[in-house]
Amino acid sequence: MWSVTPPPHEAEAVFRRCIGRGRDHVRLLRAAPEVAAAAQRYESAATAGQLHTLRPAEFTSAHMTDKELQNTYNNRMVRRSSPGRPVYTQIRQSAPDQICPLCGHRPVASLDHALPKKHFPLLAVAPANLVPCCADCNHTKSEAIPSNPGEVYLHPYFDDVDDDIWLVADIIESAPAAAVFGVSSPTHWNPDLAARVKFHFKSLGLANLYTAQAGSEIRALAYVSAGAHYRDGPDGVREVLADYRDGRRRLHQNTWQAALFQALLSSDWYCDGGFRST
Ligand SMILES: [Zn+2]
């Protein structure tokens with residue numbers, strides 16, 4: 001999971017922009033202070049890693065129905081040419097390289113409600129609750145409500161776990177060689193953060209995604225590994241893989257590619273000829 005710079009927009013301003021001066025706008029705008037208060041509660045909880053403490057009953061409006069709030073997003077923010085569409089587009093384009101920050105691999109396809117709008121309607125257009133996301137991660141996250149700290153997905157605006165290396169891989173020393181991925185939590189993380197990273201990794205099916213990607217990468221590396229081994233033996237292979245790993249880590253510490261290169265260079269079997277088994 002990679003961090004993304006939070007959107008600069010205030011929730012109430014986005015809500016007012018979406019409502020505009022359309023039909024019934026006087027009644028609908030009465031919900032604006034509720035939207036602002038809801039966003040403030042949400043941001044405080046997200047900053048503290050406490051999103052699981054927020055309950056749906058506290059995120060409904062006295063002035064708008066749940067459906068009206070949800071449709072504010074659907075019809076006045078997502079729909080092309082709608083008043084909120086520029087904000088939608090700006091948030092969607094905020095992910096570096098247009099890659100989903102939740103899986104770090106697939107392209108961004110939409111915005112995900114970190115807390116689902118079905119259960120938290122006052123957060124339907126709150127920018128801090130809208131995260132650029134790929135179609136698969138969005139679909140997998142669905143409309144689940146976290147009930148304990150270990151069920152809160154990592155939030156790209158509020159959580160930054162890229163200072164530590166936590167994504168690791170092991171090489172299956174067989175023909176063909178393969179990689180399996182997992183989470184290794186640093187000892188200085190608090191237990192809630194460690195549980196969240198594991199939940200995020202497991203629930204989004206990242207182990208399978210990365211293993212599938214690693215297969216062709218391992219085959220492609222056979223050629224360069226053979227050349228390095230011919231010139232300098234196993235240490236030559238390790239050197240090339242270390243360069244690849246360091247190049248990836250300059251972008252992000254935790255990518256499946258960096259974890260793969262580290263695992264391969266740690267495998268004496270691979271570096272001393274296992275690359276031929278690919
Ligand atoms: Zn994704």
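Just so it is clear, none of the values below were taken in a lab; they were calculated from the coordinates. Predicted model only: the values in this text are computed from it and were never measured. A quick note on method: Cβ atoms are made from the backbone with ideal geometry, for glycine too, and the neighbour counts reach across all protein chains shown.
Highest average first, the peptides 7-16, 171-180, 122-131 ordered by how many other beta carbon atoms sit within 10 Å of their residues are 122-131, 7-16, 171-180. Rounded to the nearest whole angstrom, the semi-axes of the ellipsoid equivalent to segment 42-143, taken from the Cα gyration tensor as √(5λ), stand at 22, 18, 11, largest first. Mean residue ellipticity, 222 nm, helices only, the chain: the sum of -39500 (n - 2.57) across DSSP H runs of n ≥ 4, divided by residue count and rounded to 500, is -14000 deg cm²/dmol. Apply the Debye scattering formula to segment 167-277, with a single equal point scatterer on each alpha-carbon and no solvent, then give log10 I(q)/I(0) at q = 0.11, 0.15, 0.24 Å⁻¹. Treating every Cα as an identical point scatterer, log10 I(q)/I(0) equals -0.36, -0.64, -1.31.
About its Cα centre, segment 181-278 has a charge dipole of approximately 360 debye under the convention of +1 per Lys or Arg Cβ and -1 per Asp or Glu Cβ, with nothing else charged. Looking at the chain, the pairs of alpha carbons with a distance over 24 Å make up 55% of the total.
Cross-link reach is defined here as a Cα-Cα straight distance under 20 Å, omitting same-chain residues fewer than 8 places apart; for Lys202 the aspartates and glutamates meeting it are Asp112, Asp136, Glu143, Glu151, Asp159, Asp160, Asp162, Asp164, Asp170, Asp192.
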